[in-house]
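Trainee: Dumping the structure here so I can ask a few things about it.
Each value in this text was obtained by applying a stated rule to the coordinates, not by laboratory testing. This is a predicted model, so every value here is computed, not measured. Positions of Cβ are generated from backbone atoms using ideal geometry, with glycine treated the same way; all protein chains shown enter the neighbour counts.
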Amino acid sequence: MKLRNETVMVTGCAGFIGSHLTDGLLREGNEVIGVDDLSAGKMEFLKDALSHDDFRFVRLDLLREELADVMDGVDVVFHMAANPDVRQGPKNTRTHFDQNITVTFNVLEAMREKGVKGICFPSTSTVYGEAAVIPTPENYGPLMPISIYGGTKLSCEAMISSYAHTFEMEAILYRFANVVGSRSTHNVLHDFVRKLRQDPTKLEILGADPGTNKSYIHISECISAMLAAARAGARPVEAYNIGSYDRLNVRGIADIVVAEMGLKNVRYDWTGGVRGGVGWVGDVRDMLLGLDKLKSIGWEPKLNSAASMQRAVREILASGH
């Protein structure tokens, strides 16, 4: 995939990662067709894109409306539309099935109908489940997700792979660590900032001290890695881990938020969590992705997990959200 002077469709273009990706693709000289139903995305995230002559926005419900009608001339689809809330799985199993699996099928069918040959898909580190190998490489298996969200993403990976082989498509699968930064709307940082604004003397933290231990990457580096992996090509399917080289536990995250907010003597109230101390059902205790494959194509992260978190907290505080 060249991703220069091409026509690229971004589904979920008004979301956190989708909007940053849209901006990045436009900077690289592409024409971008952005598709979103605005159920979770925000038009304010597309402020820069909407001022660009090479951007066109289409409001469309991928679950119920026909995508093929707006896919003429598209070279590559970045299918970013999904329900990203891992914690919602046990409460509403149908949402993840519809918004992840069914919508992905609809996108693939539209691509097949219109002869579009390139797809890039944001999967997740949660497809690995509780991996026995840390750092976890892309060829780790068997893949046994422990969350419904992870299960639906793995199902999407399988469908995309089958379409790529059957219909001679080229597919890139991104297995993200936790992505943080401006325009994010829900994650541990937002939870901590909100709680500390309400009461700066104490912080309720889901789980048991010191919490889960995971890798974090800033959105700016995530987009850079996505474009590098897509340009490296697929034969016909390639999966790439995208993350940082280290991990950060929840206590460490809390310390960063407290410091960035200029607070002192904050009491941490741990809830004890579920199933041995994790924050919620389906939460992975320990996650660090192997990045050898990305490194082999010339890409490496510059920020570690703590620096990514620090930058993201400053962006959240500056935004006033």
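Trainee: Working from Cα positions, state the angle (0 to 90°, nearest 10) between the long axis of helix 305-319 and the longest principal axis of the chain.
Mentor: Tilt relative to the chain: about 90 degrees.
Trainee: Taking the Cβ of each residue in Trp299, Trp280 as the centre, tally the other Cβ atoms inside 10 Å and list the residues starting with the fewest.
Mentor: On the way: Trp299 20, Trp280 16.
Exposure proxy ranking, most exposed first: Trp280, Trp299.
Trainee: Moving on to the next point. Roughly what angle does helix 188-198 make with the longest principal axis of the chain, taking Cα atoms, 0 to 90 degrees, to the nearest 10?
Mentor: 50 degrees
Trainee: What does the convex hull of the Cα atoms of the chain come to per residue, in Å³, rounded to a whole number?
Mentor: Once divided by residue count, the hull of the chain is 123 Å³.
Trainee: For a 22 Å ceiling on Cα separation, which of these pairs sit above it: Lys47/Lys114; Lys2/Lys295; Lys214/Lys293; Lys42/Lys117? Before the final figure, lay out the partial values.
Mentor: On the way: Lys47/Lys114 30 Å; Lys2/Lys295 19 Å; Lys214/Lys293 19 Å; Lys42/Lys117 29 Å.
Long pairs (Cα-Cα over 22 Å): Lys47/Lys114; Lys42/Lys117.
Trainee: Search the structure for amide H atoms under 5 Å from the amide H of Glu170, placed 1.01 Å from N in the peptide plane, and list their residues when 5 or more places away or on another chain.
Mentor: Counting only residues 5 or more places away or on other chains, the set is Gly118, Ile119.
Trainee: Placing +1 at every Lys and Arg Cβ and -1 at every Asp and Glu Cβ, with all other atoms neutral, what dipole size does the chain have around its Cα centre, in debye to the nearest 20?
Mentor: On the way: 35 positive and 40 negative charges, 200 e Å.
About 960 debye.
Trainee: So what is the diffusion coefficient of region 174-321 in µm² per second by Stokes-Einstein at 20 °C and 1.002 mPa s, using a Kirkwood Rh over Cα pairs?
Mentor: Numbers: Rh = 16.2 Å.
Rounded, D is 132 µm²/s.
Trainee: Additional query: Roughly what angle does helix 250-260 make with the longest principal axis of the chain, taking Cα atoms, 0 to 90 degrees, to the nearest 10?
Mentor: Rounded to the nearest ten degrees, it is 80.
Trainee: How big is the dipole moment of region 5-127 about its Cα centre under a simple scheme where the beta carbon of each Lys and Arg is +1, that of each Asp and Glu is -1, and everything else is neutral? Debye, nearest 20, please.
Mentor: Working: 12 positive and 20 negative charges, 114 e Å.
Magnitude of the dipole: close to 540 debye.
Trainee: By count of other Cβ within 10 Å, fewest leading, how are Met43, Met226, Met169, Met159 ordered? Spell out each step's value before the answer.
Mentor: Working: Met43 13, Met226 26, Met169 22, Met159 16.
The order, fewest Cβ neighbours first, is Met43, Met159, Met169, Met226.
Trainee: Show me, bin by bin at 5 Å from 0, the whole-percent P(r) of region 7-86 based on Cα pairs.
Mentor: 3, 17, 32, 25, 16, 5, 1, 0
Trainee: Same structure, new question: First select every other residue whose beta carbon is under 13 angstrom from the beta carbon of Leu60; then total the charges, Lys and Arg +1, Asp and Glu -1.
Mentor: Values: positive: Arg56, Arg59, Arg64; negative: Asp36, Asp37, Asp61, Glu65, Glu66, Asp69.
After counting each charged neighbour, the total is -3.
Trainee: Going by a ≥ b ≥ c, the root eigenvalues of the Cα gyration tensor, does region 261-321 fall in the rounded group (a/c under 1.5), the prolate group (a/b larger than b/c) or the oblate group? Kindly include the intermediate steps, with their values, before the conclusion.
Mentor: On the way: a/c = 2.80, a/b = 1.24, b/c = 2.25.
Oblate, since a/c reaches 1.5 and b/c is not below a/b.
Trainee: Another question, if that's okay. Which trypsin sites (Lys or Arg not before Pro) in region 48-137 sit in a loop by DSSP (not H, G, I, E or B) and have at most 13 other Cβ atoms within 10 Å of their own Cβ? Show your work: numbers first, answer last.
Mentor: Details: sites: Arg56, Arg59, Arg64, Arg87, Lys91, Arg94, Arg112, Lys114, Lys117; in loops: Arg64, Lys91, Lys117.
Filter output for region 48-137: Arg64, Lys91.
Trainee: For each of Arg311, Arg275, count neighbouring Cβ atoms within 10 Å of the residue's Cβ, then give the residues from fewest to most.
Mentor: Working: Arg311 19, Arg275 12.
Ascending number of Cβ neighbours within 10 Å: Arg275, Arg311.
Trainee: Shape call for region 195-270 from the C-alpha gyration tensor, a ≥ b ≥ c root eigenvalues: rounded (a/c under 1.5), prolate (a/b greater than b/c) or oblate?
Mentor: Prolate, since a/c reaches 1.5 and a/b exceeds b/c.
Trainee: Convert 4 °C to kelvin, take the viscosity as 1.567 mPa s, use the Kirkwood radius over C-alpha pairs of region 34-139 as Rh, and evaluate the Stokes-Einstein diffusion coefficient in µm²/s, rounded to a whole number. Before the final figure, lay out each step's value.
Mentor: Working: Rh = 15.9 Å.
So the translational diffusion coefficient is about 82 µm²/s.
Trainee: Once the other residues with Cβ under 13 Å from the Cβ of Ser244 are scored (Lys, Arg +1; Asp, Glu -1), what is the net sum? Before the final figure, lay out each step's value.
Mentor: Numbers: positive: Lys214, Arg247, Lys295, Lys302, Arg311; negative: Glu221, Asp246, Glu300.
With Lys, Arg at +1 and Asp, Glu at -1, the neighbours total +2.
Trainee: Another question, then. Mind checking which of Phe105, Ile146, Ser123 is farthest towards the positive end of region 103-161's charge dipole, using Cβ charges of +1 (Lys, Arg) and -1 (Asp, Glu) about the Cα centre?
Mentor: Checked the options; the winner is Phe105.
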